[in-house]
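Enquirer: Take a look at the following structure, please.
No value in this document is a laboratory result; all are computed from the given coordinates. Please read all numbers here as calculations on a predicted model, not as lab measurements. Every residue, glycine among them, receives a Cβ derived from its backbone with ideal geometry; neighbour counts consider all protein chains shown.
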Amino acid sequence: MRTAPFRVAGALGAVLVAAVGCGRDTALVRQAEVTRARLLAAAEAEARPAPGRSALAGGRLGTCLFFAPREERATEPAGGEGKAPEAATPAFEPIEGKTFGEILKADIREGPAAVGRGFAYSYGKPENLLILGAAFGVDRIVRHNWDEDVRHYFEDNDSSLAETDDFGSIIGNPGLHFLIGGAWYLSAVQQRDARHHELSKVLLEALIVTNTSTLALKVAMDDRAPNGQKYGWPSGHTSSSICFAAVMHEYYGWKAGVPLYLLAGYSAATRLQDREHDLSDLVFGAALGYVVGHSVVKGELPQIGGFTVLPYADRNAGGVMFVKGF
């Protein structure tokens with residue numbers, strides 16, 4: 001008698017227990033800085049928004065409540081030289097003045113706690129568990145009703161995917177995603193780019209959470225792929241590539257998200273063609289990657305009326321932002 005639902009519940013439970021007690025403050029500050037940077041970039045070419053004005057940036061509708069002091073003209077000191085303007089507050093903690101090794105050591109020390117927080121963000125929210133539970137239900141429906149038909153279709157029909165399935169396997173490979181994240185991180189550290197240093201760390205965090213969860217579920221289920229290989233469910237290529245797309249979607253909006261989601265879908269389709277996975281393997285893998293990718297970037301943020309509440313601070317203004325995704 002198969003005990004698949006109990007295995008899945010047990011694996012998710014173990015992941016959740018491992019995440020208990022992880023900190024959340026760092027993610028709050030991080031997401032506030034990311035969102036603030038987006039809104040400022042969108043408004044850079046325009047005049048300063050009036051109190052209560054809405055701004056659209058990166059697929060988010062943000063209503064900002066500012067408490068802004070009146071701007072004063074810079075006084076000209078004796079000697080006729082103009083007063084140098086005050087430097088703007090950086091969006092991310094600067095990393096200048098630190099050696100490459102110091103930054104790397106600090107990030108390695110922080111790594112386990114950051115990954116632990118990623119597990120907490122992904123599996124500590126009831127709504128995320130409901131989404132994953134619903135995805136598992138759909139997965140079971142697909143497994144018992146359509147998996148066999150999809151297998152036979154690709155066995156009996158030639159598909160154009162057969163000519164490019166190697167490419168699909170490469171772009172969906174978790175190793176490639178980690179390679180991109182690692183190269184992004186090293187480049188940011190080398191250039192002392194604080195913003196991309198932080199974003200690359202979050203991408204790697206999300207990928208670690210996604211792929212660790214996927215491997216735990218594979219071992220727990222011990223399912224067979226159509227080609228007979230072990231550990232078929234869920235699809236690691238699909239979960240990792242959807243996670244990558246979800247993180248980029250959070251960072252850069254739909255212009256980056258849509259092409260990457262389409263590439264992830266293409267990679268998933270080639271996994272059907274080469275008999276590496278059933279359709280049901282892709283369904284839950286996609287849901288897992290999507291939930292983890294978005295959750296790790298967002299972190300645990302306070303909500304009011306469906307809006308995320310974020311602090312705002314600038315050289316001439318301060319207050320809070322109410323931001324809602326759509």
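Enquirer: Calculate the FRET efficiency for LYS125 and ILE180 from the Cβ-Cβ distance with a Förster distance of 30 Å, rounded to the nearest 0.05.
Expert: It comes out at approximately 0.65.
Enquirer: What distance in nm lies between label points placed 7 Å from Cα along the C-beta direction at PHE167 and TYR252?
Expert: Here the answer is 2.0 nm between the modelled labels.
Enquirer: Using 10 Å bins from zero, what percent of all Cα-Cα pairs in segment 88-301 falls into each bin?
Expert: Distribution as computed: 9, 32, 33, 18, 7, 2, 0 percent.
Enquirer: Provide the FRET efficiency to the nearest 0.05 for the GLN229-THR99 pair, computing r from the beta carbons and using R0 = 35 Å.
Expert: Once the sixth-power term is evaluated, E becomes 0.20.
Enquirer: Now, a different point. Residues in segment 233-277 near a label at TYR153, defined as backbone nitrogen under 17 Å from the 7 Å Cα→Cβ point?
Expert: Residues passing the 17 Å test: 265-277.
Enquirer: Amide H of ARG224 versus every other amide H placed in the peptide plane: which residues, excluding those fewer than 5 positions away on the same chain, fall under 5 Å?
Expert: When sequence neighbours closer than 5 places are left aside, the close amide H contacts are GLY232.
Enquirer: Treating the Cα atoms of segment 109-221 as identical point scatterers in vacuum, please give the log10 of the normalised Debye intensity I(q)/I(0) at q = 0.09, 0.16, 0.22 Å⁻¹, two decimals.
Expert: Taking Cα atoms of segment 109-221 as identical point scatterers yields -0.40, -1.00, -1.24.
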